[in-house]
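The values are calculated or read from the model by the stated rules, or taken from the named source; none is laboratory data. These numbers come from a predicted model, not from an experiment. Ideal geometry is used to build each Cβ from the backbone, glycine not excepted, and the neighbour counts take in all protein chains shown. The accessibility values were calculated without ligands, DNA or RNA, using every heavy atom of the protein model including side chains. Shrake-Rupley method; radii C 1.70, N 1.55, O 1.52, S 1.80 Å.
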Amino acid sequence: MQGVIIMKEITIQEMKHACVGQAEDERAGTGCTVIICKEGAVAGVDVRGGGPATRETDLLNPINMVQKIHAVCLSGGSAYGLDAASGVMQYLEEHGIGFDMQVARIPIVCGASLFDLSVGDPNVRPDKAMGYQACVNSESGCFEEGNHGAGTGASVGKMLGFDHAMKSGIGTYGLEMDGVQVVAIVAVNACGNVVDFDTNEVLAGMLDKDTNTIIKAEDVLEQFRKAQPLGNTTIGCIITNAKLTKAQCTKVAGISHNGYARSIHPVHTMSDGDTIFVLSTQEVDCDPDIIGVMATNAMGKAINRAVYKAKGAYGLKAHCDLK
């Protein structure tokens, strides 16, 4: 059809003004992922879960002064893992990146952590050294999905407790349309099941070990109400080259949660701390509603990739083990 603009898939490496690095402790089952915008990015955030662990989210409110941030740090380790952002700050300061306050250049690093202390060694969490190493690793331009970075110890399907959980990880998916780029990165550690964004097929979640099949969330709502499982949270980031204001970034972050809702059942529970950041590198004009549609699709499919790319570990089966 004449005049139709085709949307194509892209990778995070195709974003000119953003880079990603990861570090992990595979034995301990935890890690962190950092998204760096050295020239700064206008940003927003939307927190929907009932139990978040976050850093520097208040300054993203459009009424507040700072207009650009320099990195987002996603980590395991629950609230302890927020310490990884300190290593990101150190790295950025050493490279002369930050908000110029005359007497010092202060990097603005936002972050969120998921709960992965149920796997590996709960006494080992992402720290300043790991956050710094993730930044160093960003220089290679390499990004691995599955059991890496913030997704190292991630799991899903904990409505009936951790005994029924399955392994997930970190995933990414990007789209480009007429020069407008939108990429999602997400570490999937949901209380609920993960379903296919397009078909609603259940991919991973509460595992019935006797039949090697996944229990539907709708079938265990009463048990879920009594169990109140802990140890969850899906954390992600949308990166776009579109020119957006802080308010528009915040709105796109909210819209992007539709990707969560279409790929995780149930989502935004009281035991999740579901959080999405949006980074805008201010390069291309585009309607924010278009970015919202692209971000929803990218986020939903990144969640699916986090499950598809995960490998069984820490006594948990992954999607690939069901075949």
Listed by range, helices (runs of 4 or more DSSP H) wholly within segment 208-323 having at least 3 residues that are buried (at least 23 other Cβ atoms within 10 Å of the Cβ) are 246-263, 288-308
List every residue pair whose Cβ atoms sit under 6 Å apart, with the two residues 6 or more apart in sequence or on different chains, where the first one lies in segment 113-140 and is within 11 Å of Ala23 (Cα to Cα) and the second, anywhere, is in a helix (DSSP H, G or I) and open to solvent by 60 Å² or more (accessible area, probe 1.4 Å). Asp127/Asp83; Tyr132/Gln90
Is there any pair with a first residue in segment 61-75 that is farther than 15 Å from Met89 by Cα and a second that is in a loop (DSSP other than H, G, I, E, B) and of a type in the set (Ser, Thr, Tyr) whose Cβ atoms are under 8 Å apart and which are 6 or more apart or on different chains, and what are they? Pro62/Thr245
Looking at Gly96, Gly171, Gly141, Gly153, which one is in a loop (DSSP other than H, G, I, E, B) and within 14 Å of the chain's Cα centre (by Cα)? Gly153
Among the candidates Gly111, Gly120, Gly131, single out the residue that is part of a strand (DSSP E or B), touching an Asp or Glu at 6+ places or on another chain (Cβ under 9 Å) and surrounded by 15 or more Cβ atoms within 10 Å (Cβ to Cβ). Gly111
Only unsatisfied item for Val34, checking (1) touching a residue at least 40 places away in the same chain (Cβ under 8 Å); (2) out of contact with any helix residue (DSSP H, G or I) (no Cβ under 7 Å at 6 or more places or on another chain), is (2)
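Tell me, which residue of segment 172-197 that is under 20 Å from Ile291 (Cβ atoms) and of a type outside the set (A, V, I, L, M) is surrounded by the fewest Cβ atoms within 10 Å (Cβ to Cβ)? Spell out the reasoning first.
Just the residues of segment 172-197 that are under 20 Å from Ile291 (Cβ atoms), to begin with: 172-186, 197.
Subset that is of a type outside the set (A, V, I, L, M): 172-174, 176, 178-179, 181, 197.
Values: Thr172: 25, Tyr173: 26, Gly174: 24, Glu176: 18, Asp178: 10, Gly179: 12, Gln181: 25, Phe197: 22.
Ranking the qualifying residues of segment 172-197, first place goes to Asp178.
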